[in-house]
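Enquirer: Sharing a structure below in structure tokens format, with a few things to ask.
Laboratory data are not the source of any read-out in this text; all were calculated from the coordinates shown. Just so you know, these numbers come straight off a predicted model, no measurement behind them. FYI the Cβ positions are ideal-geometry reconstructions off the backbone, even for glycines, and counts take in every protein chain you see.
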Amino acid sequence: MTHAVRLSAWVHGAVQGVGFRWWTRSRALELGLVGRATNAPDGRVHVVAEGPHPTCERLLELLRSGDTPGCVRLVVESWEPARGDLTGFEER
């Protein structure tokens, strides 16, 4: 069994007001991940997702794919062990 991880990804670019959080939520739910996508005051979107490492890697690939709503300029990620405190996938 693959151990669960927490992906924290700060998405930079024109990603607010374009359906980016909804799109991210849809992809995460398709992948079976839990977490959230939150608008930050500085225009970034903060994506937090938990699940198997390869599945979180796939979400990260999708965030960087160029096929997202808006225009992603940069994605800065960090990893840690899953905390298990998330349910569903929220847009905030």
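Enquirer: Measure nothing fancy, just the Cα-based angle from helix 53-63's long axis to the longest principal axis of the chain, in degrees from 0 to 90, nearest 10.
Expert: On a 0 to 90 degree scale, this one is about 10.
Enquirer: Once you list every other residue whose beta carbon is under 9 Å from the beta carbon of Leu86, what net charge do they have if Lys and Arg are +1 and Asp and Glu are -1? Could the numbers behind the result be given before it?
Expert: Numbers: positive: Arg6, Arg36, Arg83; negative: Glu50, Asp85, Glu90.
With Lys, Arg at +1 and Asp, Glu at -1, the net is 0.
Enquirer: Could you tell me which chymotrypsin sites (Phe, Trp or Tyr not before Pro) in segment 1-82 are loop residues by DSSP with no more than 14 other beta carbons within 10 angstrom of their beta carbon?
Expert: none
Enquirer: Within a 10 angstrom radius of the beta carbon, how do Leu62, Leu33, Leu74 rank from fewest other beta carbons to most?
Expert: Working: Leu62 17, Leu33 24, Leu74 10.
Listing Leu62, Leu33, Leu74 from fewest to most nearby Cβ atoms yields Leu74, Leu62, Leu33.
Enquirer: Follow-up. In which sequence would Thr24, Thr68 go, from the one with the fewest C-beta neighbours within 10 Å to the one with the most?
Expert: Listing Thr24, Thr68 from fewest to most nearby Cβ atoms yields Thr68, Thr24.
Enquirer: Once the Cα atoms of helix 20-31 and of the chain are each reduced to a long axis, what angle between those two axes, in degrees from 0 to 90 to the nearest 10, is obtained?
Expert: 20
Enquirer: At q = 0.21, 0.22, 0.23, 0.26 Å⁻¹, work out log10 I(q)/I(0) for segment 4-83 with the Debye formula, treating every Cα as an identical point scatterer and leaving solvent out; two decimals please.
Expert: Log10 I(q)/I(0), no solvent term: -0.86, -0.95, -1.04, -1.31.
Enquirer: Only counting other Cβ atoms within 10 Å, I'd like His12, His3 sorted with the fewest neighbours first.
Expert: Working: His12 16, His3 8.
Least to most surrounded, the residues fall as His3, His12.
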